[in-house]
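First the structure, in the form of structure tokens, and then the observations on it.
Every read-out reported here was derived from the displayed coordinates using simple, explicitly stated rules and does not represent laboratory data. Keep in mind it's a predicted model, so treat the numbers as computed, not measured. Here Cβ is always computed from backbone atoms with ideal geometry, including for glycine, and neighbour counts include all displayed protein chains.
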Amino acid sequence: MTHTVFRALTTRHLDDLLVRAGLDEADRVRAAAVAAVFPFRTNAYVVDSLIDWAAAPDDPLFRLNFPQPGMLAPADLARMEGLIRSEAPAREMRAAANEIRRRHNPHPSGQLDRNQPTLDGVPLEGLQHKYAETVLVFPSQGQTCHAYCTYCFRWPQFVGEPELKIATGDQAAMSAYLRAHPEVTSVLITGGDALIMRTDVLRRYVEPLLEIDHIESIRLGTKALAYWPFRFTTDPDADALLALFDQVIASGRHLAVMAHYSHPVELDPEPAREALRRVRSTGAVIRAQGPLIRGVNDEPAVWSRLWRESTRLGVVPYYMFVERDTGPQDHFGVPLARAVDIFQEAFASVSGLARTVRGPVMSADPGKAVVDGTAEIAGEKVFVLRMLQARDPSLVGRPFFARYDPDATWLSDLRPAYGTDLLPT
Ligand SMILES: *Cc1c(COP(=O)(O)O)cnc(C)c1O
Ligand code: SF4
């Protein structure tokens, strides 16, 4: 396989790429206006191996990476477009972009305050401890990705607003916290992308975990298998990465690569398959998760192909997420009623081996809620929901009901059914 060196394509390359997609000047300015607010980044592998340029700008993989006018409200779009056309000073552009960003709910679901743990009364930056058994670690070196998804809810971590970031560089504090919390059995290292880090940096977060007996599983949140499979094959420290995986497995722990897949096309290129083979050869389990996104994957056939191909390749389907209430959700969101239909139609068409997947799942303030379906009981049409995870463990697994609402897109839009107040808060 040819050796491929990673190089990010950023806003400097945007206009040329939009020309390649066949966009006229007016559309290119609109895209640039969006890219001034939400971060843009892609790379040569995505551009050459995933996007179908003959189908751009409507190609789902193009939409996955490239800014679209609908991501901004018309007034905000017109404002940014005006600033670009009048060649406004960078300072003015930044101020306008920041003002728009702040209106986009950058940290939904109480992420910054409600989930931050403390050690001896001192808040720990870059750790989240929401569910008793699992701690999330956000290494400061992992807060970027090989390409950016347009729908990403972690965008505040990629733009230069320090107060909107969560990240850690302090492995000693991480270890001390985990040692003090024997209820924690699973650590999820994420970002951004845990595998954007060089192997020697990742090792500094992983090795201390191998010294803590009660940590039974380590998960790495990543989209590198889709966006940069060379991370596992020909990158200079790819072999070192696989050796680190071997080391985790040899310690007697479960290593899970939580692979973000948005579309089955991401599984097709040979480098992607080679990466899967190499990771699986270590004994790590690859699990697939991704959000349901309008215009990218909002068809049952896309999900059934994703789950079938995943299963064929030894990747375990895990979650289908509902796009959260942040960023350009108005543009990418799919109503819960439609999400349930898409999930169920896809689920019905795959073998039991692929029915490990749960969805559609909302990772909301009280916990992870799955919409199991709709039902009509005693003359009232309802959504049937269940908590897969909850801050309050007594809620896990318990069904609850909400009034059917064809327009609801999030847990907070739902109203209790049957005059009860059964919705978790
Ligand atoms: C999803 C999630 C986890 C892991 O939950 P599992 O049910 O083990 O997949 C942990 N912490 C947070 C904040 C999460 O959103
Ligand atoms: S890979 Fe994940 S964190 Fe990175 S841009 Fe996409 S959604 Fe965001």
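Laid out as a table, the results:
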quantity	calculated
Amide hydrogen neighbours beyond the local backbone of LYS130, cut-off 5 Å, H modeled	LEU136
Dipole moment magnitude, nearest 20 debye, region 8-102 about Cα centre, only Lys, Arg, Asp, Glu C-beta charged	460
Packing-based ranking, highest mean first, of 398-406, 330-338 given that Cβ atoms within 10 Å are counted	330-338, 398-406
Cα-based equivalent ellipsoid, region 118-356: semi-axes from gyration tensor eigenvalues, Å	29, 22, 17
Relative packing of 305-313, 34-42, which averages over residues the other C-beta atoms within 10 Å, highest first	34-42, 305-313
Contour minus Cα-Cα distance for ARG102 and THR185 (0.36 nm per residue)	26.3 nm
Extended-chain gain in nm, criterion 0.36 nm per residue less alpha-carbon gap, ALA44 and ARG198	53.5 nm
Among PHE401, ALA348, ALA96 - extreme Cα towards positive end, dipole of the chain, charges at beta-carbon	ALA348
GLU345-TYR418 pseudo-label distance in nm [points 7 Å out on the Cα-to-Cβ vector]	3.0
Selection from LEU255, LEU210, TRP303 lying farthest towards where the dipole of region 118-356 points positive, charges on Cβ	TRP303
Reciprocal of mean inverse Cα separation for the chain (Kirkwood radius, Å)	22.5
Ordering of 220-226, 24-30 by burial proxy (mean other Cβ atoms within 10 Å per residue, highest first)	220-226, 24-30
Rough spin-label spacing in nm, given labels placed 7 Å along Cα→Cβ, for GLU125 and ALA250	3.5
Structure-based [θ]222 nm, the chain - -39500 (n - 2.57) summed over DSSP H runs of at least 4, per residue, nearest 500	-9000 deg cm²/dmol
Point-to-point label distance, ALA95-GLN171, nm (Cα→Cβ direction, 7 Å offset)	4.4
Whole-Hz ³J(HN,Hα) from phi, Karplus 6.51 cos²θ - 1.76 cosθ + 1.60, for region 299-305, glycine and proline x	9, x, 5, 5, 6, 5, 5
VAL159/GLU380 FRET efficiency (R0 35 Å; Cβ-Cβ; nearest 0.05)	0.20
Dipole magnitude of the chain, debye to nearest 20 (Cβ charges: Lys/Arg +1, Asp/Glu -1, about Cα centre)	380
Charge context of TYR404, other residues only, Cβ under 9 angstrom, K/R +1, D/E -1	-1
Beta bridges per DSSP with both ends in the chain, % antiparallel, nearest 5	45
Local net charge near PHE383, Cβ-Cβ under 14 Å (Lys/Arg +1, Asp/Glu -1)	-2
